[in-house]
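Trainee: Okay, handing you the structure first.
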Amino acid sequence: MADLLIRNANLPDGRTGQDVLVQAGRIAAVGPALCVPEAIPLLEADGWLLSPPFVDAHFHMDATLSYGLPRVNTSGTLLEGIALWGELKPLLTEEAIAERALAYCDWAVAKGLLAIRSHVDVCDERLLAVRALLDVKRRVAPYLDLQLVAFPQDGVLRAPGAQANLIRALDLGVDVVGGIPHFERTMADGAESVRWLCELAAERGLRVDMHCDESDDPLSRHVETLAFHTLRLGLQGRVTGSHLTSMHSMDNYYVSKLIPLVAEAGLHVVANPLINITLQGRHDSYPKRRGMTRVPELMAAGVNVAFGHDCVMDPWYSLGSADMLEVASMGLHVGQLTGQAQMQSCYEAVTSNAARVLGLAGYGLAPGCRADLVLLQARSTVEAIRLRPARLAVLRGGKLLASCPAQHTRLDLPGRPGLVDFGAATAH
C-alpha cells in the first residue's frame, strides 16, 4: 500500500482543483491545496478527471476472446449464440479459458476497469470454466476484483444435472447465485427456477443475479417473480435483474405496475447496451425495437441501474475492448439520455452504480475509501464519455498499475499549426 498526493484533479461530482491524499493505500483527505509532508510522492493531475475505477456489473469471462471458435454466429441472434457456446463447450480446456481470461483482465486494467462480475456456465458436468475462473480470480486479486456468478446457461431445471452442478460451484467458492428463467422449457418452470434459486441464495447468505426476460417477448414476466421472492425472503439490495429486455416491448400499463414492484423490492438492474442493441429486435422488420430495457424510467423510479459490457469477442458479440466508456456511450445513445444529469447518470452506471451491484466495500473518493483510482485525459464525466480518452494513470491502493502519456495530435495546416485539444470547446 502506497502514500501519494494527487495534485489539482477534477472530480466526477464537478469539483475542480482538488488534491487527493493517499496514505497506506486509502484516501486520507480530499480538498483544494492540501498541506502534506514534502517527502510524499506527487502525481500532478493537471486538471484532468480523477475517478474511482470502472466497474463491469455483467460479463461472461469464460467465453471472452473465443470469437470464431468453432465457427462464427452467422444469424447474430441470442439463440444461435447459445447453441454455438454449446458446440464450443466440449472443446474447452481449463488452460485455454484461463489464458483468455487473463488476457482480458490485462485489457481491463489498461482501461481502468478494476472490478468485474462475471457469469460462469455451470451446465458442464466437468465445471471446467468454474475451476479456471476461480484460479484466475485468485491470480488477479492483487489488482482486480473478480466476482463470479454460478450461471446455468442451459436452464437450471432444463439441463440435466444443472441444479447439482450449481450447488457444487457454490461449494467451490463461486460468489453469486445466477439463473436464466426465460430459457426454461415453460413459463411455469421459469417461475419455479426463480423460487428455487432465491431460496438457495437466502439459505447461503449469497447475492442473486439472474438473466431475466432477455427476449423481445412482451409477455415474459420473470422479473415480477424475482421481485416477489426478493421481498418474501428479505433479500432486498442483494438481488439483480440483468438484461430485462422484454420490458422494452411491454405495454405501458403493465410497466406502470412492474417498475414500482422492482423499486419496492430494492432490485438492482443491469442493462447491457452494446449486446442488447445487437441481439434484440432480430425478428423485427420495421419499426425495429431497440431492445434495451427502460433505463430512464427505472432510474427515475429510484432503481439502481448499472451497465455491463456482457460480451467481448465471443459467440454473441464480435467486437469490444474492455472500455466501459464505450458501454456508457451506447447506453446514453440508445436510452436517449442526453440531459446533463442523465449523461452523468450514464457515467455512474459504469462506476458507482455498478459498484453497488457488486457490493464493493471501500469504493469511492471519500476519505477512508480504497485508493483505487483512474486518471483520465478529460475534464469532466461527460467529456470522458464523449472522447473515451487516454487513461493517464490507473492506481490500486495508491500504487501505479498502468499508465499512458497524454495524447495530442499535432497539426501542420497552413496558418494553423499546433496541437489539437479535443476537449477545449466543452464546458460542463
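Read-outs: derived from the displayed coordinates by stated rules, not from any lab. Source: prediction; values computed, not measured. So basically every Cβ, Gly included, is an ideal-geometry build from the backbone, and we count neighbours across all protein chains shown.
Trainee: Would you mind ranking GLU326, GLU38, GLU125 so that the residue whose beta carbon has the fewest other beta carbons within 10 Å leads the list?
Mentor: Fewest to most other Cβ atoms nearby, the residues stand as GLU38, GLU125, GLU326.
Trainee: Tell me, what is the Rg over Rh of the stretch 336-413, with Rh the Kirkwood radius over Cα pairs?
Mentor: 1.04
Trainee: A further question follows. Run the Debye formula on the Cα coordinates of the stretch 115-188, all scatterers equal and no solvent, and tell me log10 I(q)/I(0) at q = 0.19, 0.27 1/Å.
Mentor: -0.70, -1.18
Trainee: Against the longest principal axis of the chain, how steep is helix 78-88, in degrees 0 to 90 to the nearest 10, with axes from Cα atoms?
Mentor: It works out to around 90 degrees.
Trainee: Testing the spin-label approximation: label points 7 Å from Cα along Cα→Cβ at ALA300 and ALA141. State their distance in nm.
Mentor: For ALA300 paired with ALA141, the spin-label model returns 4.5 nm.
Trainee: Using every Cα-Cα pair within the stretch 203-356, state what percent have a distance larger than 29 Å.
Mentor: Every Cα pair in the stretch 203-356 considered, those over 29 Å come to 13 percent.
Trainee: In terms of Cα to Cα distance under 24 Å, which lysines are near enough to LYS137, apart from those fewer than 8 places away along the same chain?
Mentor: Excluding near neighbours in sequence, the set is LYS89, LYS111, LYS399.
Trainee: Rounded to whole Å and ordered largest first, report the semi-axes of the equivalent ellipsoid of the chain derived from its Cα gyration tensor (root of 5λ).
Mentor: Equivalent ellipsoid semi-axes, largest first: 36, 24, 22 Å.
Trainee: What number, rounded to the nearest 500 deg cm²/dmol, is the helix-based mean residue ellipticity at 222 nm of the chain, given -39500 (n - 2.57) per DSSP H run of at least four residues and division by all its residues?
Mentor: Numbers: 13 runs with 142 residues, N = 428.
When only DSSP H runs of four or more count, the value is -10000 deg cm²/dmol.
Trainee: Roughly how many nanometres apart are two label points built 7 Å out from the Cα toward the Cβ at ASP421 and THR77?
Mentor: Calculated label separation equals 5.3 nm.
Trainee: Sort 388-401, 248-261, 51-64, 89-102 by packing, meaning the average of other beta carbons within 10 Å per residue, with the highest value first.
Mentor: The packing order, highest mean first, is 51-64, 388-401, 89-102, 248-261.
Trainee: Compute the length gained on full extension between CYS35 and ILE167: take 0.36 nm times their separation in residues and subtract their Cα-Cα distance, giving the result in nm to one decimal.
Mentor: Extra length from CYS35 to ILE167 when fully extended: 42.2 nm.
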